[in-house]
Amino acid sequence: QVQLVESGGGLVQPGGSLRLSCAASRTSSVIFSIYTMGWYRQAPGKQRELVATIASGSRTNYADSVKGRFTISRDNAKNTVYLQMNTLKPEDTAVYYCNAHLTNPPRTYDYWGQGTQVTVSS
């Protein structure tokens, strides 16, 4: 079973930047490379929402609210996915979760990290 550990969260002022990391363990680099990796976030009182995903071929997808400000990337040799967050806004405040997803019919695999808090405030 894949384990995901996020890091890099914290308190930042509006307009600032943070880079989140998510390291996967209990998997090989070859297996990690075929997972679609994603970042999701959940603000207090709200549902968890998609932030960005990166597929095995490095195709990316972003929520409209973060396009042009956030960049997702992966380093398969390190079993790690990153989320570079620039021009942060107070509404980006949330717990950010890393996800690993793989569909291999008939099974679907989904793994989640424990989350890292991002707070944007002056």
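Values as computed for the structure displayed
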| item | result |
| --- | --- |
| Filtered residues of the range 1-16 (kept if under 13 Å from CYS98 (Cβ atoms) and either assigned to a strand (DSSP E or B) or touching a Cys at 6+ places or on another chain (Cβ under 8 Å) (or both)) | GLN3, LEU4, VAL5, GLU6, SER7 |
| Residues of the range 21-40 satisfying the condition of being more than 25 Å from ASP64 (Cα to Cα) and either of a type in the set (Lys, Arg) or modelled with pLDDT of 90 or more (or both) | ALA23, ALA24, ARG26 |
| Hits in the range 88-122 - residues which are within 17 Å of GLY15 (Cβ to Cβ) and open to solvent by 10 Å² or more (accessible area, probe 1.4 Å) | LYS89, PRO90, GLU91, THR93, THR119, SER121, SER122 |
| Where GLN114 falls short, out of the listed (1) part of a loop (DSSP other than H, G, I, E, B); (2) in contact with a Gly (Cβ under 6 Å, 6 or more places away or on another chain) | (2) |
| Members of the range 17-42 found to be part of a loop (DSSP other than H, G, I, E, B) and surrounded by 14 or more Cβ atoms within 10 Å (Cβ to Cβ), listed by number | THR27, TYR35 |
| Scan of the range 58-93 for residues that are assigned to a strand (DSSP E or B) and free of Cβ contacts under 8 Å to residues at least 60 places away in the same chain, ordered by number | THR60, ASN61, TYR62, PHE70, THR71, ILE72, SER73, ARG74, ASP75, THR80 |
| Residue count for the range 43-57, restricted to those that are outside any strand (DSSP E or B) and either under 14 Å from TRP112 (Cβ atoms) or in contact with a strand residue (DSSP E or B) (Cβ under 7 Å, 6 or more places away or on another chain) (or both) | 4 |
| Residue under evaluation PHE70, criteria (1) in contact with a strand residue (DSSP E or B) (Cβ under 8 Å, 6 or more places away or on another chain); (2) open to solvent by 20 Å² or more (accessible area, probe 1.4 Å), criterion not met | (2) |
| Residue, surrounded by the fewest Cβ atoms within 10 Å (Cβ to Cβ), within the range 43-57, restricted to residues that are in contact (Cβ under 8 Å) with a residue 12 or more places away in the chain and polar (S, T, N, Q) | SER56 |
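The values are calculated or read from the model by the stated rules, or taken from the named source; none is laboratory data. Keep in mind it's a predicted model, so treat the numbers as computed, not measured. Cβ atoms come from the backbone with ideal geometry, glycine included; neighbour counts cover every protein chain shown. Just the protein is used for accessible areas: all its heavy atoms, side chains included, with ligands, DNA and RNA removed. Shrake-Rupley method; radii C 1.70, N 1.55, O 1.52, S 1.80 Å.
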